[in-house]
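FYI, it's all coordinate maths here, none of it is from the lab. All figures in this text were calculated on a predicted structure; none of them were measured in a lab. With ideal geometry, Cβ positions are generated from the backbone for all residues, glycine too; neighbour counts draw on all protein chains shown.
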Amino acid sequence: MSSSRPSDHFDSPEPDKSVTQPALGVVGYLRFFWRQLTSMRTALFLLLLLAFAAIPGSLVAQRSSDPNGVIQYRVDHPDLYPILDKLQVFDTYTSVWFSSIYLLLFVSLIGCIIPRSIHHFKALRARPPKTPARLTRLAGYTSQTVETDAAGAIDLAKSQLKRLGYRTELYPSKTRAGLASFSVSAERGYLRETGNLVFHTALVGILVSVAIGGSYGYSGQRVVVEGQKFVNVLGDYDSFNPGRFFESDVLAPYRISLDEFSATYELENTAAIGQATDYSAYVTTTTPDGDESQANIKVNEPLDIGGTQVFLLGNGYAPTIVVRDPEGNVVWTDSTPFLPQDTNLTSLGTIKIPDGLAEQVGMIGFFYPTQAELPSGALASGYPDLLNPVLSLRVYTGDLGLDAGVPRSVYELDLDDLTPIAGGGADVDALQLGVGDTVDLPNGLGTIELTDVKRFASFDIHNDPSQFWVLLFAILVLAGLFTGLFIPRRRVWVKATETADGAVTLEYAGLARGEDPRLEEAVAGIAAAHSKQLGLKVEP
């Protein structure tokens, strides 16, 4: 069969089925990335990422707070240290990557909050929307035909909805048949969006407050032995962690004297014998004008003074030791804090005597508040209080390394250039002293005496100018979060339409703006209450 198409017919080419994307250009891409950055999903992701980015700061020593720990890490891990150093792990909170996440989160939240706030403000000023023509399609729809005045019924409904916290607007109209129809449009739940905005604004407030507090605040630690004093100046801190913009003239002048440290231990409960039940540091504070006052610092009960909070961190024993040369001259005496090693306060400490004897002398000591012997023959403390105090010392001579220019911890003794002369593999056993005992040092170096045992307390002195604001914004975060979670946003309409026979058809319906499982129940309650106001019989 011959074709009916003309011989000169030309078929058009097959259309290209591929999708052609519009060219965005530089400005288009910038807008795209800005919208992605300022989305709430991105803000939440950055917040989670910031939490993960802060983890290295708690796992590895930081230069700002523990420079000696960084030096020790370099000694212990010479291969890994250069890699971590290049990644700025030892400066986590000031690193490029942490600061980038922090700033991106800040920009993301600001870029998200501002347009949402503008939109929310406009929505608050706008009238509730007009009543839909067909309420039958909406949630909780119910209707009834009654003998009443249509306009009066809607006025009652408006008053009722206002009492329930709805914003209302009346909309009179006419049906196609020309009959009067009155309706009230009501909506509530704008507080939900307000809560969301408060939540995210408070997050920005926390970020700003923490940044200010970290930049201008400071914290420091100090170990104080009974009878000793601490003065709030830089040189009197054992360790000090200043903010980036800290200046020493902000240190409030005051002095704290540790008069007594008291510890109470469990004695009656056999399953908890020796457990601490209370720690109290009795102190005397002195201000520049000479005013003195007594205070008691406990765990979680800090002392507020001079814009700082003084927290009780730890405690232990500080044996008072006197070292004399062969002629009986005192060459060294001090109450040295020993660090607790267990719950019974078996404590470890070091003593360094660089001058006054024929050689430099270093000692590693174990202090037992209540000496007891284990089945293995090793010594330990059987109770944390002073019932049978004994000090055991291993003695070394040689170079203490104090002139090497390398920071040394007062709680550690470098044994590389030292030779044991008592304990620690020496021919002489470790020295043991009770309170009041004096023993000779090996090789005729002199004598050592344990004259007393005092308690020490370690304090953390903390100044944070943003502390109040962080607390305020944290409360606002919780308030905004709960408001955004538990306040539903909904619209409700009540419509009264006159019928041809003179009756009035009342219609009720609602619309959820999000998840609202109780919407139908709410509409039913409004309908029942409205019917009761109209004097109608409400079926249970």
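Quick notes on this structure:
- Full extension of the chain between K532 and R31 yields a length gain of 174.8 nm, computed as 0.36 nm times the residue separation minus the alpha carbon distance.
- Rounded tilt (10° steps) of 40-53 against the dominant C-alpha axis of the chain: 10 degrees
- Candidates per trypsin sites (Lys or Arg not before Pro) in segment 181-287, loop by DSSP, up to 13 other Cβ within 10 Å: R244
- Between 0 and 90°, nearest 10: helix 467-486 axis offset from the chain longest Cα axis: 40 degrees
- Cross-link reach is defined here as a Cα-Cα straight distance under 18 Å, omitting same-chain residues fewer than 8 places apart; for K130 the lysines meeting it are K122, K158, K162, K174, K495.
- Taken along the Cα-to-beta-carbon direction at a fixed 7 Å, the label points for L24 and K86 span 3.3 nm.
- Label selected from [x] 1.63; [y] 1.15; [z] 1.06, the criterion being Cα Rg over 2.2 N^0.38 Å as computed here: [x]
- For segment 285-375, the list of GluC sites (Glu not before Pro) that fall in a loop by DSSP and count at most 12 other C-beta atoms within 10 angstrom reads E327.
- Segment 128-156 and segment 235-282 have Cα centres separated by 70 Å.
- Per DSSP, loop chymotrypsin sites (Phe, Trp or Tyr not before Pro) in segment 341-418 with at most 15 further Cβ within 10 Å: Y411
- What separates the Cα centres of segment 326-361 and segment 29-44 is a distance of 62 Å.
- In the chain, the calculated helix contribution to ellipticity at 222 nm averages -9500 deg cm²/dmol per residue, counting -39,500 (n - 2.57) for every DSSP H run with n ≥ 4.
- The C-alpha atoms of the chain define a longest principal axis, and helix 150-163 lies at about 0 degrees to it.
- Counting only lysines at least 8 places from K298 when in the same chain, those with an alpha carbon closer than 23 Å to its own are K229, K454.
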